[in-house]
Amino acid sequence: MKTTAALLTAGLLATSALAAPLTAQRQARRAKRASGRQSNPPFKPGTTEVLQLNATSHTEYSTNWAGAVLIGTGYTGVTAEFTVPTPSVPSGGSRNEEYCASAWVGIDGDTCSTAILQTGVDFCVQGSEVSFDAWYEWYPDYAYDFTGISIAAGDVIKVTVDASSDTAGTATIENVSTGTTVTHTFTGGVDGDLCEYNAEWIVEDFEEGESLVPFADFGTVTFSSASATKDGVSVGPADATVLDIEQDSVLTSVSVSSSEVVVKYV
């Protein structure tokens, strides 16, 4: 009995030690995520009307997406690496409020309105406390947290999505810094079919509880080694349409090259 009690006590202590970094605020956010954390298509500034892109060379503006979107047909994979930023409370913000942003790669979501296969990392800040969550999503279903992976500011993260059909595929996150990889496989039964029209590298102001979360100052997210698979061939983001986030003002500045998408908070 003493041995059993000692083991039970040790187990409880270990569980407490693991749970300690998960603050009440973060637990509450995870609870909300379970009932409604969601990415959305890009909205026209100040509206919930989807911004339909046309592969233009000039910058477009969205309420919730900043980054680069390739438009065409036959997109079945997207990948990139980025260094996890340290989010901060934006200028004029309240230290008592939580601010978040999310970096992800995905297939579809703009000129295809029925689905997005995506995976990425949320980064949030309240006061001086930051938290990070890795997730996967087949929109219009909600996002779900990966388990078995930890993420910290400064970690190099590789994010990849691959579609094997219009209703099946994989979402993979690798923490290159720690050597940990997690994958979710979609085997059908999803809420919407992919069109394989879009490939994207995005920093998003995501939705929680039917409204966009207060947007964090994320500094800079650089999607490096960025590529997409189009008709079985690897292509870069150089010809992508660029999106910046505009709310009360323009909050981001995006630049694109042959293998990088750089998203800066301004």
* **Boolean, SER131 is in contact with a strand residue (DSSP E or B) (Cβ under 6 Å, 6 or more places away or on another chain) and at pLDDT 95 or above** => yes
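Given the criterion in contact with a Cys (Cβ under 8 Å, 6 or more places away or on another chain) and either more than 19 Å from PHE82 (Cα to Cα) or basic (Lys, Arg) (or both), identify the matching residue among VAL233, VAL213, VAL250.
Details: VAL233 fails: in contact with a Cys (Cβ under 8 Å, 6 or more places away or on another chain); VAL250 fails: in contact with a Cys (Cβ under 8 Å, 6 or more places away or on another chain).
None of the others qualify; the one that does is VAL213.
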* Output for the range 131-180, where each listed residue is more than 16 Å from the chain's Cα centre (by Cα) and either buried (at least 16 other Cβ atoms within 10 Å of the Cβ) or part of a strand (DSSP E or B) (or both) -> ALA163, SER164, SER165, ASP166, THR167, ALA168, GLY169, THR180
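Check ALA240, ALA216, ALA228 and return the single one that is touching a Gly at 6+ places or on another chain (Cβ under 7 Å) and crowded, with 21+ Cβ neighbours inside 10 Å.
The conditions single out ALA228.
Results for (1) in contact with a strand residue (DSSP E or B) (Cβ under 8 Å, 6 or more places away or on another chain); (2) among the hydroxyl-bearing types (Ser, Thr, Tyr); (3) closer than 25 Å to ALA228 by Cβ; (4) at pLDDT 95 or above, shown as yes or no for each residue.
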| position | (1), (2), (3), (4) |
| --- | --- |
| GLU97 | yes, no, no, yes |
| VAL121 | yes, no, yes, yes |
| VAL125 | yes, no, no, yes |
| TYR139 | yes, yes, yes, yes |
| GLY169 | yes, no, yes, yes |
| THR181 | yes, yes, yes, yes |
| VAL190 | yes, no, yes, yes |
* Any residue in the range 245-259 that's more than 17 Å from TYR99 (Cα to Cα) and free of Cβ contacts under 8 Å to residues at least 24 places away in the same chain: show its pairings with residues that are of a type in the set (Val, Ile, Thr) and not in a loop (DSSP other than H, G, I, E, B) at Cβ separation under 7 Å, as long as the two are six or more apart or on different chains. => SER255/VAL262
* Of the residues that make up the range 223-236, is at least one acidic (Asp, Glu) and part of a strand (DSSP E or B)? -> no
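Out of everything in the range 243-266 that is small (Gly, Ala, Ser) and assigned to a loop (DSSP other than H, G, I, E, B), what residue ends up being surrounded by the fewest Cβ atoms within 10 Å (Cβ to Cβ)? Write out each step before concluding.
So the first thing to find is which residues in the range 243-266 are small (Gly, Ala, Ser), and the list is 249, 253, 255, 257-259.
Remaining after also requiring assigned to a loop (DSSP other than H, G, I, E, B): 249, 257-259.
Details: SER249: 7, SER257: 12, SER258: 11, SER259: 14.
The residue in question is SER249.
Can you tell me which residue within the range 15-66, out of those that are β-branched (Val, Ile, Thr) and at pLDDT below 90, is farthest from GLY219 (Cα to Cα)?
Here is the first cut: in the range 15-66, the ones β-branched (Val, Ile, Thr) are 15, 23, 47-48, 50, 56, 59, 63.
Next cut, at pLDDT below 90 only: 15, 23, 56.
Details: THR15: 34, THR23: 24, THR56: 26 Å.
It comes out as THR15.
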* Asked: Does the range 211-247 hold any residues that are under 15 Å from ALA66 (Cα atoms) and acidic (Asp, Glu), and which are they?
  -> ASP217, ASP244, GLU246
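The values are calculated or read from the model by the stated rules, or taken from the named source; none is laboratory data. The model shown is predicted, which means the values in this text are computed figures rather than measured ones. Because the Cβ atoms are built from the backbone with ideal geometry, glycine has one as well, and the counts that use them run over all protein chains shown.
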